[in-house]
Amino acid sequence: MFSFAWPWAALSLPLPWLVSRLRRSQRLDSAIPQLRFGRIEPLSRAGFNQSPSLRSGQWLLHLLWLLLVLALMQPQNRQDIQQLNTTGYDLMLAVDLSESMRALDFTEGGRRVSRLAVTKGVVSQFIAQRSGDRIGLVLFGESAYLQAPLTLDVTAVQELLQRTVVGMAGSATAVGDALALAVKKLRERPENSRVVILLTDGENTAGVVPPLEAARLAARYGVRVYTIGVGSEGRVPYPDRGGVRWVEMGLDEALLQEIAGLTGGGYFRATDSAALRKIYNRIDELEQSDVETRVITAYDPLFRWPLGGALILLAWLGLAPGRNGMATNRL
């Protein structure tokens with residue numbers, strides 16, 4: 001559909017006519033030229049004022065003004081409205097990057113791999129299977145950061161996840177801050193579609209927001225939180241200067257269970273890569289809901305056509321042979 005973005009600019013169309021009437025009413029056309037040019041009468045006798053070329057030039061100037069005003073009105077072609085109905089969730093993934101994610105208590109293909117490496121692989125597969133969901137990514141360690149806002153571009157989220165390294169958000173674990181940040185990004189999304197998947201392997205040891213306070217905030221905004229405890233408790237292998245040493249690690253399962261219970265979500269324990277995959281498969285099977293209907297209107301600007309015509313006409317008026325020198329030749 002054709003329309004103008006600034007139709008009110010058409011009010012400037014009669015501006016040259018108004019200026020001409022104002023000059024004529026003040027008799028400026030006759031008084032001022034006579035003061036400046038002593039040979040105004042010979043010019044008149046030579047037929048300067050009756051020159052056909054001058055009259056045609058005036059019409060061209062009027063056309064030039066019309067084209068410029070049309071360009072200022074910003075003509076545009078509105079494309080057909082396209083409605084996008086999406087069914088799914090707004091999923092915010094909160095992934096722990098604390099130092100404990102270096103632990104080598106997972107195995108893939110008969111070799112030890114870190115908790116983060118397994119998490120990257122399984123979460124990437126989970127993201128790839130989300131059709132119609134918006135995915136966001138929060139990374140946390142000592143602090144929490146929004147790595148990717150909610151988006152349908154799951155490939156971009158996967159790429160950002162693969163680039164993460166242990167410790168890039170600090171060495172401690174701020175579970176409460178991560179959950180609060182995820183809730184903040186979800187609170188204005190449609191109801192019954194807000195989900196946080198919180199994946200951590202440790203206890204809350206940093207941050208300014210207590211985890212249970214963040215959970216109550218999530219419940220207030222209708223955000224369901226699914227918590228996943230990663231890794232084994234007790235003595236686990238940990239990389240150290242090219243070798244491996246055994247360190248004692250714990251997991252606050254009671255806290256993760258309470259967070260899930262307060263928000264109507266669920267708690268899962270992942271002790272190996274197979275269990276982690278089963279957890280994401282179960283979350284993937286949860287009932288989906290319609291989250292929104294969007295209306296997209298695309299505009300194709302057309303101002304370039306009248307503006308281009310005005311520039312061509314202006315160049316022709318300035319460069320056409322004989323048009324500027326015609327009056328001089330008559331002298």
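Express the relative contact order of the stretch 122-234 as a whole percentage, based on alpha carbon pairs under 8 Å and six or more residues apart in sequence.
Reported relative contact order: 24 percent.
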* To do: Putting +1 on Lys and Arg Cβ atoms and -1 on Asp and Glu Cβ atoms, find which of Leu116, Val230, Thr200 reaches farthest to the positive end of the dipole of the stretch 84-294.
  => Leu116
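In debye to the nearest 20, how big a dipole does the stretch 84-294 give about its Cα centre with +1 on each Lys and Arg Cβ and -1 on each Asp and Glu Cβ?
320
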* Structure fact -> For Lys278, counting only lysines whose alpha-carbon sits under 21 Å away and dropping same-chain residues fewer than eight positions off, the answer is Lys120
* Structure fact -> Computed ³J(HN,Hα) along the stretch 267-274: with the Karplus parameters 6.51/-1.76/1.60, θ = phi - 60°, integer Hz and x for glycine or proline, the list is 10, 10, 10, 10, 9, 8, 5, 5
* Structure fact -> Sorted by chain and number, the residues with a modelled amide H under 5 Å from that of Met249, at a separation of 5 or more or across chains, are Gly234, Arg235, Val236
* Please list the non-local residues whose amide H lies under 5 Å from the amide H of Asp201, H modeled 1.01 Å from N, same-chain partners needing a gap of 5 or more. => Val230
* To do: Convert each backbone phi in the stretch 213-224 into a coupling constant with the Karplus relation 6.51 cos²θ - 1.76 cosθ + 1.60 (shift: θ = phi - 60°), then list the ³J(HN,Hα) values in order as whole Hz, x for Gly and Pro.
  => 5, 5, 5, 5, 5, 5, 5, 4, 9, x, 9, 7
* Structure fact -> With x for Gly and Pro, the residue-by-residue ³J(HN,Hα) of the stretch 104-119, computed from phi through the Karplus equation 6.51 cos²θ - 1.76 cosθ + 1.60 at θ = phi - 60° and given in whole Hz, is 9, 9, 10, 10, 9, x, x, 10, 6, 9, 6, 4, 5, 4, 5, 4
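No lab work stands behind these numbers, since they all come straight from the coordinates. Since this is a predicted model, take the numbers as computed values, not measurements. A quick note on method: Cβ atoms are made from the backbone with ideal geometry, for glycine too, and the neighbour counts reach across all protein chains shown.
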